[in-house]
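FYI, it's all coordinate maths here, none of it is from the lab. Since this is a predicted model, take the numbers as computed values, not measurements. Backbone-built Cβ (ideal geometry, glycine too); neighbour counts: all protein chains shown.
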């Protein structure tokens, strides 16, 4: 059975912009959790080393970040070795 989860929690996704802020109609500032962006190193589209993704989208090859960091270390450390 395949694992599915949000890209923001996937080990293969390097977070570039975690979230952005937006103003509501009453002039208050709120976090916009759906606006985050990242780079997926698993699904690169065969056109480069990564693919730009939205953090709130689902990852078809989701790998839990916390569990994988215990086994493999961080994604940034792995990228340096590639």
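When its C-alpha radius of gyration is set against 2.2 N^0.38 Å (N residues), the chain gives a value of 1.25. The packing ranking of peptides 6-14, 49-57, 72-80, highest mean first, is 6-14, 49-57, 72-80, where packing means the average number of other beta carbon atoms within 10 angstrom of each residue.
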